[in-house]
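Notes follow once the structure below has been shown.
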Amino acid sequence: MTAPRASHLIVIIGAGPAGIYAAGKLVEAGHHIVLVNRDIKPGGLAEYGIYFTKHRMKEGLRKHFRRILADPRVHYFGHVRVGRNGDITLDEVRELLRPSAVLITTGAQGTKFLGIPGEHAPGVYHAKDLVYHYNNLPPFSQRTFLIGQRVAIIGIGNVMVDIAHYLVHARKVEEVIAVARRGPGQRAYTDKEFKAIAANLDVDDLRRELERIRTRLEAIGEDVEELYRELTKSVNVPPEEGPSPTRFRFRFLCAPKEIVLGPEGRPIALRVEDTELVRREHSIVAKGLGTYWDLPCDTVIFAVGDKVDEDFGLPVQGTEYVTNPHPDPDHPGDEAYQVYDPEKGEVLEGLFVAGWSRKASDGLVGKAKQDGERGAEALLHYVERLPVEPVEDFAERLEAFRAHLRARGVRFVEYADVQRLEDAERREAERRGLEWFKFATDEEMFHAIESTAAVR
């Protein structure tokens, strides 16, 4: 296909909601997109981050994605890891494809811990890895997770609820304890998500827990009785997945300080420091009190957010890639999407970030869509200033990219392969009488793609 002379070639790395919706906006503006993705399947957070039983929600998102990915101006390359230690580096992608700009929407693929003793022991996990496991994302789908019967989850956001949901209804462990530095008034999960585990909340234990911290809550003007009513308002809602014997409990105002390990090197307790709440301007922070105690547990899961991949090849500060700290004089707000090198003190020309690559663990699919499209808008402002370059050699650039990957031994897929895989999974679901089926390993997916191609 001959590209319009006014179009630019743009590379997007990462095919989650932010990347795919950004591709849609850029295609609408008349540009060609090369979309490079780590996984075989596109979808990212929508495919592998939403709770695995929410089939209708996932399929609704897939329909939107298919419309964008099926556009002939979007060229998808899956199972390609970009980074210093990946299949191909960012610089190599730019050299081979010569895009006018690159948008990075790879999400937050780094692992964020708290830096406390014992956090890398067997039986200690990051929530992201477990979410990937139960959503059948290779290689996490094949990993063994040593989940015991008394599980402490650090954090009280929606990710905590998803992990608790899995432990309560899929694993049916004896007890799940959500541990929080701050109080019940600062919980970050939504009531809608909490309904999945509300029936398992140990209300007597909750009453004792609120009494334990009553004076500290009342010291900042919080109403303990109102908090109890809010926390328990859905306990009589029957869970869709039926009853479970698991007890769910909260431990508030306690900051994790150490994972205490037993003789076998596995957790036997989570050591915490009591905290109090302090109002600072427009926020409430937790301040340590210097008193410590041990919460017995045999498994610890961190649900404390994520950080970007430091091996990708962009400057990193904290949990995020560095963006331009100076306001864009022509398009205020665009600076938040422009990659910045703090050592050189300059914007990295033609590089943009969006979604969780811009702000790690910020929101879910709707927020990722919004941020991806806003990042695409910032990128469009940039390419509008560039001289128009004919892309008649677009097919040659694509073929050079394919040849480079093949020479590296990369077993990549394109969108026609993804369509074959989806066909194979639909047939397998029908054969098994399931609402949805998903292959759990790369080899199974490649075999399904090749078998479907052979039949056609």
Does region 138-147 contain any residue that is over 27 Å from N37 (Cβ atoms) and outside any helix (DSSP H, G or I)?
yes
Taking E218 as meeting all but one of (1) under 23 Å from S244 (Cβ atoms); (2) more than 21 Å from the chain's Cα centre (by Cα); (3) surrounded by fewer than 18 Cβ atoms within 10 Å (Cβ to Cβ); (4) not hydrophobic (A, V, I, L, M, F, W, C), write down the number of the exception.
(1)
Yes or no: A416 at pLDDT 95 or above and surrounded by fewer than 20 Cβ atoms within 10 Å (Cβ to Cβ)?
yes
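Determine, yes or no, whether L201 is under 19 Å from L289 (Cα atoms) and crowded, with 17+ Cβ neighbours inside 10 Å. Give the derivation first.
Numbers: under 19 Å from L289 (Cα atoms): no; crowded, with 17+ Cβ neighbours inside 10 Å: yes.
So L201 does not fit the description; no.
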Candidates D328, D371 - the one that is outside the structural domain of L210 (by TED's automatic domain parsing), assigned to a loop (DSSP other than H, G, I, E, B) and under 29 Å from the mean Cα position of the chain (by Cα):
D328
Can I156 be described as part of a loop (DSSP other than H, G, I, E, B), at negative phi, under 17 Å from the mean Cα position of the chain (by Cα) and assigned by TED's automatic domain parsing to the domain that holds L351?
no
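Evaluate the following for V102: is it in the same structural domain as L405 (by TED's automatic domain parsing), assigned to a strand (DSSP E or B) and surrounded by 20 or more Cβ atoms within 10 Å (Cβ to Cβ)?
Working: in the same structural domain as L405 (by TED's automatic domain parsing): yes; assigned to a strand (DSSP E or B): yes; surrounded by 20 or more Cβ atoms within 10 Å (Cβ to Cβ): yes.
In short, yes.
I need the full set of residues from region 127-164 which are out of contact with any helix residue (DSSP H, G or I) (no Cβ under 7 Å at 6 or more places or on another chain) and either basic (K, R) or over 18 Å from K307 (Cβ atoms) (or both), in order please. Before the answer, list the steps.
First, the residues of region 127-164 that are out of contact with any helix residue (DSSP H, G or I) (no Cβ under 7 Å at 6 or more places or on another chain): 128, 136, 139, 142, 144, 146, 148-150, 152, 154-157, 160.
Result: K128, N136, P139, Q142, T144, L146, G148, Q149, R150, A152, I156.
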Which one of the conditions (1) in contact (Cβ under 8 Å) with a residue 40 or more places away in the chain; (2) basic (K, R); (3) closer than 26 Å to V93 by Cβ does R358 fail to meet, given that it meets all the rest?
(1)
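Quick one: is T246 under 21 Å from E119 (Cα atoms), among the hydroxyl-bearing types (S, T, Y) and buried (at least 18 other Cβ atoms within 10 Å of the Cβ)?
Details: under 21 Å from E119 (Cα atoms): no; among the hydroxyl-bearing types (S, T, Y): yes; buried (at least 18 other Cβ atoms within 10 Å of the Cβ): yes.
Considered against the rule, which asks whether it is under 21 Å from E119 (Cα atoms), among the hydroxyl-bearing types (S, T, Y) and buried (at least 18 other Cβ atoms within 10 Å of the Cβ), T246 comes out as no.
For region 46-68, give me each residue that is of a type in the set (D, E) and surrounded by 14 or more Cβ atoms within 10 Å (Cβ to Cβ).
The first filter runs over region 46-68 and keeps only residues of a type in the set (D, E), leaving 47, 59.
Listed by number, the list holds a single entry, E47.
Which one of T246, T275 is more than 26 Å from A219 (Cα to Cα) and in contact (Cβ under 8 Å) with a residue 40 or more places away in the chain?
Numbers: T275 fails: more than 26 Å from A219 (Cα to Cα).
Selected residue: T246, the only one of T246, T275 that is more than 26 Å from A219 (Cα to Cα) and in contact (Cβ under 8 Å) with a residue 40 or more places away in the chain.
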It is to be established whether one or more residues within region 23-44 are among the small types (G, A, S), part of a helix (DSSP H, G or I) and under 26 Å from V383 (Cβ atoms).
yes
Would you mind finding the one in A376, A407, A395, A403 that is at pLDDT below 95, of a type outside the set (K, R) and not assigned by TED's automatic domain parsing to the domain that holds Q142?
A395
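Can you find even one residue in region 105-113 that is touching a Leu at 6+ places or on another chain (Cβ under 9 Å) and on the phi > 0 side of the Ramachandran plot? Break it down into steps so the answer makes sense when it comes.
Filtering region 105-113 for residues touching a Leu at 6+ places or on another chain (Cβ under 9 Å) gives 107.
Of the ones still in play, those that are also on the phi > 0 side of the Ramachandran plot are 107.
Checked against the condition, which is being touching a Leu at 6+ places or on another chain (Cβ under 9 Å) and on the phi > 0 side of the Ramachandran plot, region 105-113 yields at least one hit.
The values are calculated or read from the model by the stated rules, or taken from the named source; none is laboratory data. Quantities reported herein were computed from a predicted structural model and do not represent experimental measurements. Cβ: placed from backbone, ideal geometry, glycine included. Neighbour counts: every protein chain shown.
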